[in-house]
Amino acid sequence: MVMRPPCGRIKTGTVLGCIAFGFLLIATDWVLGRYAHGQTLALRKEEAEVRAKLRALQEETKQFKARRNDMDLSVKEMSAQMKRLKATATPPMTTAVPTRSGNSVSFPKNRVINDPPFCKVGAKRRGDLPKFVFVAGVEGSGHHALKGVWQSLRKSGLKLELVVYDQLFHSLGIENHASYHYSSILQNTHIEHMRPVFEKAAAEGKIVIDAQNSYPMGKGAGALAHPDLLKLAALDGVLYDLHVIVLFRTPVDAVLSAVRRFQNNDEYLYKNEEYQARMVTESLATINNALPQLPCGKTMVIEYNTLVHSPKQFIRPLSRLLEVEQDVLGDTFSDLKPRTKPPETPEQIARRKKLQDFFGIQKVLWPLLES
């Protein structure tokens, strides 16, 4: 119902009545206006308080997110530290490790070694560093059997720089008799001797392959005259991108192969079976202990007997290790076949038995390779 002024309904009336009613309307509007203004101020104040609380909540949320990010970073850092500790820790000399399922994982052979504790997570790869392929193994383990691999790489158009019996490259002392040679213990010495080779290889886009420096290496060399695998691993990502192939052959056969090769050379007459057996023992133990420190994804142990009897099974793992297409190695092993051996004489059988008895005791020194 709309309020109408009383003077609008009467024809006669006093002017004072209309005026009074007008003042009443004005007063009512003023009171309502003041009330509305008061309510508006109160709402604005309440709004300001709500906004202040919201800003406070937003700030607390921001601080909470920052603390959460800090916690996430701390967790990631701790996780990374644990991984580094696990990767750098030297595992016990065992041939297998337990898995979550309770089963055991044997030391991997004839394929690329990918996971600790059988290898070490290496340095991040740098594309500007030349690839360095190092072949480790005792004398008589089959270094010559891999010649076809390097020949195939050459035929594919890859540029190679072969390192063969280079004592200076591995910082072996050359100032005295070879039987006293040993690898320098100074890191800077290794860097000084190797840097020119890898700088030249990088400039020419070549792969450096150290294919025939066996354990030991060189004429008349003693047991200490061999490359230092740990020094080589320490320079991975510094001077080169290291890839390692370890050749392993039954120690008895390795000894007999080496002695047979050297028996007609006056300079190597000292390498009889007993001497060579001791040499192989020292070298296998050294290589075995270095294996867990070699870079994951870039290390492989090849069994000689498997290589000569089933060579084509190595096309895939070797192409992965060397980071080349499988087609490059397709015909690599076509000429690699096991050598036909004549029946052993009673004397040869006795010599083999002597070595088998010796290595039956010594093999505990290289459990990973022997597994």
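How high is the relative contact order of region 138-292, in percent, counting Cα pairs under 8 Å that sit 6 or more residues apart? Here the relative contact order equals 29 percent.
Here's the picture: charge each Lys and Arg Cβ at +1 and each Asp and Glu Cβ at -1 in region 258-350, and of Asn264, Gln348, Ile302 the one pushed furthest to the positive end of that dipole is Ile302. Taking the Kirkwood radius as Rh and the Cα radius of gyration as Rg, region 124-178 has a ratio of Rg/Rh equal to 1.04. Counting only protein heavy atoms and a 1.4 Å probe, region 205-315 has 33 square angstrom of accessible area per residue. The Rg/Rh ratio for region 221-315, using Cα coordinates for both the radius of gyration and the Kirkwood hydrodynamic radius, is 1.02. Over all projection directions, the Cα-based convex hull of region 300-371 averages an area of 6.5 nm².
What do you reckon, how do Ile349, Ile113, Ile191, Ile185 stack up by accessible area (1.4 Å probe), largest on top? Spell out each step's value before the answer.
Numbers: Ile349 90, Ile113 5, Ile191 30, Ile185 140 Å².
Order by accessible area, largest first: Ile185, Ile349, Ile191, Ile113.
Solvent-accessible area of Thr28, all protein chains in place: 60 Å² (probe radius 1.4 Å, heavy atoms, ligands and nucleic acids excluded).
Treating each Cα of region 247-370 as an identical point scatterer and summing with the Debye formula, the log10 of I(q)/I(0) at q = 0.12, 0.13, 0.18, 0.20 Å⁻¹ comes to -0.60, -0.69, -1.11, -1.21.
The Rg/Rh ratio of region 135-209, with Rg taken over Cα atoms and Rh as the Kirkwood radius over Cα pairs, comes to 1.02.
The values are calculated or read from the model by the stated rules, or taken from the named source; none is laboratory data. All values reported here derive from a predicted model rather than from experimental measurement. Here Cβ is always computed from backbone atoms with ideal geometry, including for glycine, and neighbour counts include all displayed protein chains. Just the protein is used for accessible areas: all its heavy atoms, side chains included, with ligands, DNA and RNA removed. Shrake-Rupley method; radii C 1.70, N 1.55, O 1.52, S 1.80 Å.
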